[in-house]
1. Which of the following residues is in contact (Cβ under 8 Å) with a residue 60 or more places away in the chain, open to solvent by 40 Å² or more (accessible area, probe 1.4 Å), of a type in the set (Gly, Ala, Ser) and in a helix (DSSP H, G or I): Ala25, Ala86, Ala44?
2. State the number of residues belonging to segment 11-22 that are exposed (fewer than 12 other Cβ atoms within 10 Å of the Cβ) and outside any strand (DSSP E or B).
3. Considering segment 1-37 alone, what residues qualify as being aromatic (Phe, Trp, Tyr) and within 12 Å of Asp115 (Cβ to Cβ)?
4. Among the candidates Ile99, Ile60, Ile105, single out the residue that is at pLDDT below 90 and aliphatic (A, V, I, L, M).
5. Among the numbered criteria (1) open to solvent by 80 Å² or more (accessible area, probe 1.4 Å); (2) assigned to a helix (DSSP H, G or I), which one does Glu2 miss?
6. Taking segment 83-133, which residues are within 17 Å of Leu27 (Cα to Cα) and of a type in the set (S, T, N, Q)?
7. Just a yes or no: is a residue in segment 105-117 touching a residue at least 60 places away in the same chain (Cβ under 8 Å), open to solvent by less than 20 Å² (accessible area, probe 1.4 Å) and assigned to a loop (DSSP other than H, G, I, E, B)?
8. State the number of residues belonging to segment 54-77 that are within 30 Å of Pro128 (Cα to Cα) and open to solvent by less than 70 Å² (accessible area, probe 1.4 Å).
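The values are calculated or read from the model by the stated rules, or taken from the named source; none is laboratory data. Since the structure is predicted, the reported quantities are computational estimates derived from the model, not experimental observations. No Cβ is skipped: glycine too gets one built from the backbone with ideal geometry, and neighbour counts run over all protein chains shown. Each accessible area value is taken on the protein alone, full model and side chains, heavy atoms only, with ligands, DNA and RNA left out. Shrake-Rupley method; radii C 1.70, N 1.55, O 1.52, S 1.80 Å.
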Amino acid sequence: MEEIEVWLDAIEHIQITSSPEAENAMLFFYSQVLGLTEITKPEALKANGGAWYVLGDIQIHVGIEKQANNQISRRHICFRVYSLEAFAKHLQAHGVEIISDRQFIGGYNRFFIRDPGGNRIEIAEFAPDKTNS
């Protein structure tokens, strides 16, 4: 077999979108509800609105689009948490609707939410010895 050269090193960032009307709610959600750390956008991009955040080595870029249509899409980010139950309570205290997992994946308990811009987010807890909640 021919050896394949590896070109990819890591995920650098993920871009999600929001309508201009939901921008303030999006920025509050990612900074205050999810608790992500905001980082400075390049000067040339600041006028476009939105914000950039970081979690570990991965950046999440919130971009603003006039025709953002995220509410029906299945594409998503997955955040791993240490306690699914505790995080669900935190989200519900902020009025975030929990969407039950309809497809069991062994080794994980999970649910979904949608951010104020309609982007789908998976929240997962590694649980090799647990059943799906």
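1. On the way: Ala86 fails: in contact (Cβ under 8 Å) with a residue 60 or more places away in the chain; Ala44 fails: in contact (Cβ under 8 Å) with a residue 60 or more places away in the chain.
Ala25 is the lone residue from the list that is in contact (Cβ under 8 Å) with a residue 60 or more places away in the chain, open to solvent by 40 Å² or more (accessible area, probe 1.4 Å), of a type in the set (Gly, Ala, Ser) and in a helix (DSSP H, G or I).
2. Counting residues in segment 11-22 that are exposed (fewer than 12 other Cβ atoms within 10 Å of the Cβ) and outside any strand (DSSP E or B) gives 2.
3. The answer is Phe28, Phe29, Tyr30.
4. Details: Ile99 fails: at pLDDT below 90; Ile60 fails: at pLDDT below 90.
When all the criteria are applied, what remains is Ile105.
5. Unmet for Glu2, out of (1) open to solvent by 80 Å² or more (accessible area, probe 1.4 Å); (2) assigned to a helix (DSSP H, G or I): (2).
6. The answer is Asn119, and nothing else.
7. The answer is yes, given that some residue of segment 105-117 is touching a residue at least 60 places away in the same chain (Cβ under 8 Å), open to solvent by less than 20 Å² (accessible area, probe 1.4 Å) and assigned to a loop (DSSP other than H, G, I, E, B).
8. Of the residues in that region, 7 qualify.
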